[in-house]
Amino acid sequence: MNYSNPSKQLSIKQNRILRFVENFINTNAYPPTVRDIQFGCEISSTSVVDYNLRILTQKGHIRRSPDVSRGIGLAGNKEGFPRNMIPLLGFVAAGEPLTLPSSEGLTKEDAYDQVELPTAMLSGIRLRGTTDLYALRVRGHSMIDALVDDGDLVVIQPTTSVNDGEMAVAWLREENEATLKRIYNEGSVIRLQPANVQMAPLFVSPENLEIQGRVVAVLRTIV
């Protein structure tokens, strides 16, 4: 299906949105959000974008999953929606622990976007147990020597236990804070070790610590 020529069945605005979606997917290899379309097509509000996306869906020009941030696919794409999409739940601190919005730690309800994993990366990840992955954006520099820097995305496999030395999301129950560190069980205490020679480790009691997931991949942000 060629979207370069306007469709007589669509309005000027709908044709503009359709071309924008196609160009965005071809350029970025993932679909735009509603807000991307609003700014890219200079539309007054997201509700106007949503209205026109519904028409494009009804007329068979696009496929859409409204409950997913980037759930837009071109109808002419036999593969449908992009594969390897995982939820982006928010931030994790690589430095001082970061206060969480929920007293239950990080949950899928906190997701505010989707991240697409390259197929080659996904096939190269060695998973032990669940494949229900999610992503977190890193704040801070405490894991810089492990090649995890501020702004990077870490891909997390949910688990409640890790081996000594593995990088994991550690939730401190009493403080309701989360941090990204290497985990070492030292008996009466758990050492949360940064990968930065300028930063000291944290020591917490086993009762105050919950492992929420291990790092299985890093998506580097290049400026």
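Structure data summary
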item	result
3 or more residues surrounded by fewer than 17 Cβ atoms within 10 Å (Cβ to Cβ) and modelled with pLDDT under 90: qualifying helices (runs of 4 or more DSSP H) within the range 16-128	119-124
Residue satisfying all of: in the range 133-192; modelled with pLDDT under 90 and of a type in the set (Lys, Arg); farthest from Gly90 (Cα to Cα) among these	Arg173
Output for the range 193-218, where each listed residue is under 24 Å from Leu88 (Cβ atoms) and surrounded by fewer than 17 Cβ atoms within 10 Å (Cβ to Cβ)	Glu210
Residues within the range 139-179 that are touching a residue at least 60 places away in the same chain (Cβ under 8 Å), loosely packed, with under 15 Cβ neighbours inside 10 Å and charged (D, E, K, R), tallied	1
Filter pass, Val155 being within 18 Å of the chain's Cα centre (by Cα) and assigned by TED's automatic domain parsing to the domain that holds Tyr134	yes
Test: residue in the range 195-218 that is among the acidic types (Asp, Glu) and part of a strand (DSSP E or B)	yes
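The values are calculated or read from the model by the stated rules, or taken from the named source; none is laboratory data. Note that the coordinates shown come from a computational prediction; the quantities given were computed from them, not determined experimentally. A quick note on method: Cβ atoms are made from the backbone with ideal geometry, for glycine too, and the neighbour counts reach across all protein chains shown.
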